[in-house]
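Worksheet: the structure to be examined is printed underneath.
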């Protein structure tokens, strides 16, 4: 990983003269928000090298956003995610799985992505719980998928559950894996928890249901009851396991980038 960072650092020096300035996270953040990625890189690099996990994560975002030298940038960006992940940064752990699912360049990319998603999910990262749920569901491991789904529902307020029903699950695998009946079921659960918008939504659609929509809503009632029963008897907390080489093997990023074209 160090070799790739050195290569990229040399290339960025050729693109822009980087003065010796005091590293400052806030200055880097302001630059990043303005789209000045090179200034953000200059400010965050010393912090990341010193072991600041937040700077390592954000430096990864910068490198993945740069257009010059795509392969080196991607390798360096993911390497910084890996360094932050080893320190327990949940977003960095999530991003490793997320980019595997986006690029899809390794034969077992879903299997590889499951490990970082699982480690972050065990630590309460909600987006990782969704991604893990979808992967388990896709591979027909339904019993475990339902356990994680219950943990998702137990960890949010009714407003968020209502949002799931409206399709506000924007993840690597997308909301396409949520059926219309399941979307209605989220709104039913939120309504039963007293969320006013959900109650109004259901009253509105019931007044204009087509025959097909009625079938979906009837199915949703059964799904909602199943979910609510699971919420009344929630699973035990997930066992938190170390973020070790099984999720972040030494050759992981090199193999990953070798497949990118």
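The values are calculated or read from the model by the stated rules, or taken from the named source; none is laboratory data. Since the structure is predicted, the reported quantities are computational estimates derived from the model, not experimental observations. Neighbour counts are summed over all protein chains in view; Cβ atoms, including those assigned to glycine, are modelled from backbone coordinates with ideal geometry.
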Answer yes if at least one residue in region 94-107 is modelled with pLDDT under 80, closer than 30 Å to residue 36 by Cβ and in a helix (DSSP H, G or I), and no otherwise.
-> yes
With criteria (1) closer than 23 Å to residue 109 by Cα; (2) touching a helix residue (DSSP H, G or I) at 6+ places or on another chain (Cβ under 8 Å), residue 141 comes up short on (2)
Residues of region 79-93 classified as in a helix (DSSP H, G or I), under 14 Å from residue 48 (Cβ atoms) and either modelled with pLDDT of 90 or more or touching a helix residue (DSSP H, G or I) at 6+ places or on another chain (Cβ under 7 Å) (or both), total | 8
Being modelled with pLDDT of 90 or more and in contact with a helix residue (DSSP H, G or I) (Cβ under 6 Å, 6 or more places away or on another chain) is the filter; apply it to region 15-36 and report the residue that is surrounded by the most Cβ atoms within 10 Å (Cβ to Cβ).
-> 28
State which residue is modelled with the lowest pLDDT when the search covers only region 229-241 and only residues that are surrounded by 10 or more Cβ atoms within 10 Å (Cβ to Cβ) and assigned to a loop (DSSP other than H, G, I, E, B).
-> 241
If we keep just the residues of region 140-156 that are in a loop (DSSP other than H, G, I, E, B) and over 17 Å from the mean Cα position of the chain (by Cα), which is surrounded by the most Cβ atoms within 10 Å (Cβ to Cβ)?
-> 141
Which numbered condition residue 104 misses (of (1) within 13 Å of the chain's Cα centre (by Cα); (2) surrounded by fewer than 24 Cβ atoms within 10 Å (Cβ to Cβ)) = (1)
From 183, 214, 137, 204, residue being at pLDDT 90 or above, under 20 Å from residue 234 (Cβ atoms) and assigned to a helix (DSSP H, G or I) = 137
